[in-house]
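Let me begin by presenting the structure, written as structure tokens, before commenting on it.
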Amino acid sequence: MSNEANMTQPNRRGLLIILSSPSGAGKSTLSKRLLDWDPTLSFSVSATTRQPRPGEQDGTDYHFLTEDDFKHEVAQQGMLEHAHVFGNFYGSPKGPVQNAIDAGHDVLFDIDWQGAQQIRNSSLGQHTLSIFILPPSIAELHRRLVSRGQDSEEVITKRMQKSWDEISHWDGYDFVLVNDDLERTFADLQTIVTATRLRRLQQPGLVDHVRNLQQEFEEIA
């Protein structure tokens, strides 16, 4: 499938594409492939109250806010979703996402089931596409975490303990893919995104087109 065919159509509304999975199921790899597949798709930059780490840039890695500013945004319904994690607040600012989907551009979210549920219940929920990625087995999930070589055994154990809680919410998503073959899973993901872009709701110009057809029909009749 060519990039030309994948480019966002200007006469449609964008999608809020949510990818969720337990750690190690392949979500990060699939997210990167989606961004490479369609350069008009952007990744949602989260806001946080934690301090920047070395090398992190405001507006690129995160939107760094004070706790007062963050709470103000929440009170003004400026966050699509938010959570308090390990002493800091994290959330997805609504403004940039609203601007993107109004311009016909999709926005990709890498969030858990709680964040996904908040977005589904937000004012932009009707434009949401949620996809959950399952591992082929728990043994394979553990193997992938170990083979990455990024975490200690203690961290891997914690990730594995958390994985079932995440997996148990699989039925709250629009689509569920079992990532037992990366190429096939990504092909399915492309198909889902392409088809959902054509939903009637995402094509605001259809109403005027049908009205024009009706007018033509009446003139002929």
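The values are calculated or read from the model by the stated rules, or taken from the named source; none is laboratory data. Note that the structure is a prediction, hence the values are computed from the model and not measured. Cβ atoms come from the backbone with ideal geometry, glycine included; neighbour counts cover every protein chain shown.
Exactly one residue among 77, 98 is outside any loop (DSSP other than H, G, I, E, B), polar (S, T, N, Q) and either within 23 Å of residue 22 (Cα to Cα) or more than 13 Å from the chain's Cα centre (by Cα) (or both), and that residue is 98. Among the residues of the stretch 162-221, the ones that are among the aliphatic types (A, V, I, L, M) and within 21 Å of the chain's Cα centre (by Cα) come to 12 in all.
Within the stretch 104-117, can one find any residue that is β-branched (Val, Ile, Thr) and at pLDDT below 95? Lay out the reasoning, then the answer.
Just the residues of the stretch 104-117 that are β-branched (Val, Ile, Thr), to begin with: 107, 111.
Retained after the next criterion (residues that are at pLDDT below 95): 111.
Yes, the conditions are met somewhere in the stretch 104-117.
Considered as a group, the residues in the stretch 9-54 that are polar (S, T, N, Q), over 28 Å from residue 134 (Cα atoms) and at pLDDT below 95 include one that is surrounded by the fewest Cβ atoms within 10 Å (Cβ to Cβ), and that residue is 51. Note on the stretch 55-89: residues that are more than 30 Å from residue 12 (Cα to Cα) and buried (at least 18 other Cβ atoms within 10 Å of the Cβ) total 3.
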